Every structure is written in C-alpha cells, then in structure tokens.
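Right, one structure below, let's go through it.
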Amino acid sequence: MKMASRPHIRRYAWPAMALHWLVALLIFGLFPLGLYMSELPLSVLKLQLYAWHKWFGITVLLLVVLRLGWRAGHRPPELPASIPRWQQRVAEWLHGLLYVLILGIPLSGWMLSSAADVRVVWWGVLALPMLLPTSKPLAHALVLVHATLNYTLAALVAVHVAAALKHQFIDRDGVLSRMLPGSSR
Ligand code: HEM
C-alpha cells in the first residue's frame with residue numbers, strides 16, 4: 001500500500017533561520033530586563049544593567065540590518081497554497097510591522113540615550129555617535145516612545161506565535177517547520 005507522501009516544505013535558508021531565532025532570543029531577554037532595570041533605584045547594578053541592555057539592544061539592531069540585507073537578496077519561501085490569499089496578505093503585513101518595530105525599538109533606545117546625554121559605548125569598546133542633541137523633554141518623550149513600541153511589539157509577537165502554533169497543530173500545513181531546522185519532508 002503506497003503511503004500518502006507528506007507535502008514538501010520549502011524552508012527558510014539557515015542564515016534567515018539563525019537570525020530569526022537569535023533576534024527572538026535577545027528580545028525575549030531585553031524586554032524583561034528593560035522593565036526590571038527601569039524600576040530599580042539608582043545603583044551600580046542599575047547602571048550595569050542599563051549598559052547590558054543597550055549593548056544587547058544595539059546588537060539586535062545590527063542583526064536586524066543583517067537580516068534585512070539577507071532578505072533583500074534571498075526571497076522567503078512561498079507560503080503553502082492551502083493558505084487563503086487574504087491570510088497570506090495579513091501575514092506579510094504582520095512580518096513587515098515586526099521588522100519596523102525591531103528596528104524602531106533599538107533606534108528609539110539609542111535616540112533616548114543620546115537625548116539624555118549618555119553616549120552608548122558598545123560593549124565598552126565602540127563609542128557610538130549621539131543621534132540627538134541633549135534635551136531632557138525629548139529624552140522623556142522618547143522613554144514613552146520606547147515603551148509604547150515595546151508593548152506594541154509584545155502584542156504583535158503574541159499574534160505571531162499564536163498564528164505559528166495554529167498552523168502547526170490545527171491546520172497542520174507545516175508553516176512553523178519552515179523556520180525550524182530539519183529535513184524538508
Ligand atoms: C530590541 C531591543 C530592545 C528592547 C526589546 C528593549 C526593551 C525595553 C523595555 C521593555 C523597557 C522598559 C520600558 C518601560 O519602562 O516600560 C526599556 C527601557 C529602556 N531602554 Fe530599551 N529595549 C531595546 C533596546 C534598547 C537600546 C538599543 C537602548 C539604548 C541604546 C535602550 C535604552 C533603554 C533605556 C535607557 C530604558 C529606560 C527608560 C527609563 O528610564 O525608563 N533600549 N527597553
């Protein structure tokens with residue numbers, strides 16, 4: 001009896017996959033770190049955590065630029081034809097918004113640090129340019145921007161993860177497997 005062959009799943013290339021999971025991992029660490037550190041009273045620990053937050057945050061910015069560079073030269077695999085056109089559109093828009101946020105959040109952090117007259121010295125080695133002149137009101141406004149972009153990201157990531165799990169365990173169309181290392185069958 002001939003076994004029904006499982007659909008051939010076209011996957012993301014390994015650089016796209018590696019950058020996806022590395023950026024996700026870093027953001028899942030940076031978010032709670034940001035919430036925790038900003039509530040701390042001024043101390044050596046708070047200043048150290050701010051430094052780590054900024055160093056990893058700028059690293060995320062760099063990785064996202066690398067990822068967009070890769071994506072520009074390597075089109076992501078088509079979604080399975082079983083997914084209705086309108087859902088494919090929604091997914092494209094959601095991915096686009098996620099990219100805008102994971103670029104905008106570290107940039108807004110870098111801008112707020114600049115407006116607060118605190119130069120970011122990446123990993124204590126590379127002094128980054130100040131993106132904005134010193135301005136207390138601007139720094140305060142950018143704290144709000146940074147936080148708002150973060151809570152928007154948290155909401156969209158929840159939708160993104162829920163959609164991936166629905167495709168994997170309800171629709172069983174292998175969409176999540178496209179971003180997981182492993183065989184193409
Ligand atoms: C994707 C990367 C990043 C994520 C996910 C992230 C997340 C967060 C979160 C959740 C908070 C707490 C917001 C709140 O109080 O509600 C925060 C605070 C903060 N972040 Fe980030 N951040 C990132 C990158 C950066 C970068 C690159 C910098 C600076 C170079 C930065 C500077 C700050 C500062 C200074 C605060 C404290 C604001 C305050 O005084 O309350 N962040 N971040």
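Brief remarks on what is shown
- Accessible surface area normalised per residue over the chain is 64 Å², counting heavy atoms of protein chains with a 1.4 Å rolling probe.
- Euclidean distance between Cα centres, region 37-69 to region 121-185, Å: 13 Å
- Mean shadow area of region 1-106, taken as a quarter of the surface of its Cα convex hull (nm²): 9.8 nm²
- Tail beyond 27 Å, pair distance distribution of the chain (Cα, percent): 38 percent
- The residue list Pro77, Pro106, Ser177 was ranked by how far each Cα lies along the charge dipole of region 76-185 toward its positive end, using unit charges on Cβ atoms, and Ser177 comes out on top.
- Here is what passes the span test in the chain: the DSSP H helices with alpha carbon length of 30 Å or more along the helix axis and a Kyte-Doolittle mean of 1.0 or above are 14-39, 136-166.
- Computed [θ] at 222 nm, helices only, for the chain once each DSSP H run of length n ≥ 4 contributes -39500 (n - 2.57): -23000 deg cm²/dmol
- In a simple Cβ point-charge model (Lys, Arg +1; Asp, Glu -1; nothing else charged), the chain has a dipole of about 700 debye relative to its Cα centre.
- For region 89-185, the convex hull spanned by the alpha carbon atoms encloses 132 Å³ per residue.
- Projecting the Cα positions of Gly57, Ala16, Ala141 onto the charge dipole of the chain (unit charges on Cβ atoms of Lys, Arg, Asp and Glu, taken about the Cα centre) puts Ala16 furthest along the positive direction.
- Listed residues Tyr50, Tyr99, Tyr36 arranged by accessible area, highest first, probe 1.4 Å: Tyr36, Tyr50, Tyr99
- Heavy atoms of Thr59 accessible to a 1.4 Å probe, total area in Å² rounded to 10: 30 Å²
- Residue with peak Gaussian network fluctuation, the chain [Cα springs, cutoff 10 Å], from Arg71, Arg89, Arg11: Arg89
- Reachable aspartates and glutamates from Lys136, criterion Cα separation under 12 angstrom, eight or more residues apart if same chain: Asp117
- Carbon and sulfur %, accessible surface of the chain computed with the full protein complex present, 1.4 Å: 73 percent
- For region 114-172, chymotrypsin sites (Phe, Trp or Tyr not before Pro) are listed when DSSP marks them as loop and at most 15 other Cβ atoms sit within 10 Å of their Cβ; the list is Trp123.
The values are calculated or read from the model by the stated rules, or taken from the named source; none is laboratory data. Just so it is clear, the model here is predicted, and its values are computed rather than measured. Note: ideal-geometry Cβ built from the backbone for every residue, glycine included; neighbour counts use all protein chains shown. For accessibility, only protein heavy atoms count, side chains too; no ligands or nucleic acids. Shrake-Rupley method; radii C 1.70, N 1.55, O 1.52, S 1.80 Å.
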